[in-house]
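Q: Dumping the structure here so I can ask a few things about it.
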Amino acid sequence: MAASPKLPAFDPADPLGIDDLLEPEDLAVRDTVRGWAADRVLPHIADWYEKGELPGIRELARELGGIGALGMSLEGYGCAGASAVQYGLACLELEAADSGIRSLVSVQGSLAMYAIHRFGSEEQKEAWLPRMAAGEVIGCFGLTEPDHGSDPAHMRTRAKRDAGGEWVLNGRKMWITNGSVAGVAVVWAQTEEGIRGFVVPTDSTGFSAPEIKHKWSLRASVTSELVLDDVRLPADAVLPEVTGLRGPLSCLSHARYGIVWGSMGAARSSFEAAVEYAKSREQFGRPIGGFQLTQAKLADMAVELHKGILLAHHLGRRMDAGRLRPEQVSFGKLNNVREAIDICRTARTILGANGISLEYPVMRHATNLESVLTYEGTVEMHQLVLGKALTGLDAFR
Ligand SMILES: Cc1cc2nc3c(=O)[nH]c(=O)nc-3n(C[C@H](O)[C@H](O)[C@H](O)COP(=O)(O)OP(=O)(O)OC[C@H]3O[C@@H](n4cnc5c(N)ncnc54)[C@H](O)[C@@H]3O)c2cc1C
């Protein structure tokens, strides 16, 4: 009888052997981002979170630019031109540190930079993208308004052309990540020809961005209101290559793709904390990880975590092949954020009372994921996107 081939050892960190799908360059990107987050975020994050601030955000942005994490999958203009899988791996590692850091990077690269890269003029790209890729300029993306979140088609912010051809913007945007620290805002507004995007330098007269405080989620992230009060912009401030909601929605699809991966980072961090705790915490004279009920929780968490990572890989490969549909991104975001939050909540139960302490990451991740569940399309919006794709019937209105 032929000897059976020697099986690789079971790796608790990668039980399905998903790393076999990665190339050496992918692993190098992952290690770089993981190392940066371990040095620059993990030692401070609990303190930042408790204080509700992200001190040194400009320095962090420059460092993220230095490791190529800003506008990472974009080509040219100082961007890294990485694959979608590499970008996803970076999002996972950043969100394993904190969703706020991943949000900073997503909004910069997948929303503000992506909008300019895809829909901007050559002059706009040259003016902003190299400095944004380097982290010298932080960008934000203003779509949501106080009265229009899931339904941006009815936004009230308006841009009107005056007699000289200049644009005049009026309105308010709400819940805008990076708003108060941004040097440039991509703002979406109603015009006579439909919804258009505008590149707004934040030192424009009439522009202000008060920070939103008293958040219980994404506390180590800057979230702001944007106020546009007769903001005058030159005729060429409009993004020339898109009219209509297709513009912002395609940016959101790109950012959501990063969330499919990122949410698994928060889940992984909580899962690892739960495993360590279960192995060391003793009750009834033995480690709680030895009880069948705890093992059932850990097994179910591992199954959903690695299924989610596998799904993210699959979508990444489709994106790299130019075959990723928006409905598939909705599929990924719906599943992975929902499962990630569930993993964090289960991890919290394994840690018992310690689960609510900032000494451990699980409650921080769980509360962060409440925002991630809502932004870039709520659970219900992604259910409706999939429902429409499955039935051909539009239930949005
Ligand atoms: C921390 C944070 C950061 C953010 N950053 C940004 C940013 O950088 N830029 C930006 O533009 N926005 C940002 N947002 C806003 C975010 O995208 C919106 O909160 C989101 O789109 C939901 O809008 P809303 O909060 O107004 O909820 P609503 O749209 O008012 O929805 C409330 C509830 O009603 C449900 N609902 C609505 N319509 C339907 C329907 N037809 N059928 C069934 N259910 C429905 C929703 O699913 C939800 O459960 C951020 C939000 C947060 C919390």
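Q: Can you pull out the GluC sites (Glu not before Pro) in segment 43-92 whose DSSP state is coil and whose Cβ has at most 11 other Cβ atoms within 10 Å?
A: Qualifying residues, ordered by number: GLU75.
Q: Given segment 247-391 reduced to its alpha-carbon atoms as identical point scatterers, what log10 I(q)/I(0) does the Debye formula return at q = 0.11, 0.13, 0.16, 0.17 Å⁻¹?
A: Scattering profile of segment 247-391, log10 relative to I(0): -0.45, -0.60, -0.81, -0.88.
Q: Moving on. When the Cα atoms of segment 139-244 are enclosed in a convex hull and the volume is divided per residue, what value in Å³ results?
A: 97 Å³
Q: Could you tell me which residue out of THR32, CYS91, SER110 lies farthest along the dipole of segment 18-133 toward its positive end? Charges go on the beta carbon: Lys and Arg +1, Asp and Glu -1, centred on the Cα centre.
A: The residue sitting most towards the positive pole is SER110.
Q: Relative to the longest principal axis of the chain, what angle (0 to 90°, nearest 10) does the C-alpha long axis of helix 326-350 take?
A: 50 degrees
Q: Let me know the charge dipole size of segment 247-391 about its Cα centre in debye, to the nearest 20, where only the beta-carbon of Lys, Arg (+1) and Asp, Glu (-1) is charged.
A: 260 debye
Q: Can you give the convex hull volume of the alpha carbon atoms of the chain per residue, in Å³?
A: Measuring per residue, one finds 164 Å³ for the Cα hull of the chain.
Q: Let me ask something else. Which is farthest toward the positive dipole end of the chain among ALA9, VAL181, TYR77, measuring Cα position about the Cα centre, with Cβ charges +1 (Lys, Arg) and -1 (Asp, Glu)?
A: Comparing the listed Cα positions along the dipole, ALA9 ranks first.
Q: Tell me the trypsin sites (Lys or Arg not before Pro) within segment 139-183 that lie in a loop according to DSSP and have at most 11 other beta-carbon atoms within 10 Å.
A: Loop-located and lightly packed - none at all.
Q: May I ask you to derive the relative contact order of the chain, considering only C-alpha pairs under 8 Å and at least 6 residues apart, and to give it as an integer percent?
A: After rounding, I find 17 percent.
Q: If you average 1/r over all unlike Cα pairs in segment 44-122 and invert the result, what Kirkwood radius do you get in angstrom?
A: Result for segment 44-122 stands at 13.2 Å.
Q: List residues of segment 226-266, by number, whose backbone nitrogen lies under 12 Å from a label position 7 Å along Cα→C-beta of THR191.
A: Within reach of a label on THR191, which here means backbone N under 12 Å from a point 7 Å along Cα→Cβ, segment 226-266 contributes 233-244.
Q: Also: Send over the semi-axes of segment 238-283's equivalent ellipsoid, whole angstrom and largest first, taken as the square roots of 5 times the C-alpha gyration tensor eigenvalues.
A: Output for segment 238-283: semi-axes of 43, 6, 6 Å.
Q: Pairing the Cα long axis of helix 122-133 with the longest principal axis of the chain, what angle in degrees results, from 0 to 90 and rounded to the nearest 10?
A: The angle comes out at about 30 degrees.
Q: OK, next. How big is the charge dipole of the chain about its Cα centre, in debye rounded to the nearest 20, if each Lys and Arg gets +1 on its Cβ and each Asp and Glu gets -1 on its Cβ?
A: The dipole of the chain has a size of about 800 debye.
Q: Also, quick follow-up: Restricting to bridges with both residues inside segment 116-191, how much of the DSSP beta-bridge set is antiparallel, in percent to the nearest 5?
A: Rounded to the nearest five, the antiparallel share is 50 percent.
Q: Further, regarding this structure: Within the chain, what's the longest run with no chymotrypsin sites (Phe, Trp or Tyr not before Pro) in a DSSP loop and at most 15 other beta-carbon atoms within 10 Å? Give the range, please.
A: Answer - 11-215.
Q: What whole-number value in cubic angstrom gives the convex hull volume per residue for the C-alpha atoms of segment 1-137?
A: Spelled out: Cα convex hull of segment 1-137, divided by residues, is 127 Å³.
Q: Sticking with this one: Mind checking the angle between helix 24-40 and the chain's longest principal axis? C-alpha axes, 0 to 90 degrees, to the nearest 10.
A: 80 degrees
Q: Something else now. Taking amide H atoms as placed 1.01 Å from N in the peptide plane, list the residues 5 or more away in sequence, or in a different chain, whose amide H sits under 5 Å from that of LEU74.
A: Under 5 Å from the amide H of LEU74 lie the amide H atoms of ALA80, GLY81, ALA82, each far enough along the sequence or on another chain.
Q: Segment 253-304 to segment 203-219: how many Å between their Cα centroids?
A: What the calculation gives is 34 Å, centre to centre.
Q: Something else: On a straight-distance basis, which lysines could pair with LYS307 in a cross-link, Cα separation under 18 angstrom, same-chain partners fewer than 8 positions away excluded?
A: Leaving aside lysines fewer than 8 places away in the same chain, those within reach of LYS307 are LYS297, LYS333.
Q: Loop only by DSSP, 13 or fewer other Cβ within 10 Å of the Cβ. Give me the GluC sites (Glu not before Pro) in segment 200-267 that pass, ordered by residue number.
A: Those satisfying the criteria are GLU241.
Values in this text are rule-based calculations from the coordinates and carry no lab data. Just so it is clear, the structure is predicted and the values come from calculations on it, not from any experiment. Heads up, the Cβs are rebuilt from the backbone with ideal geometry, glycines too, and the neighbour counts pull from every protein chain shown.
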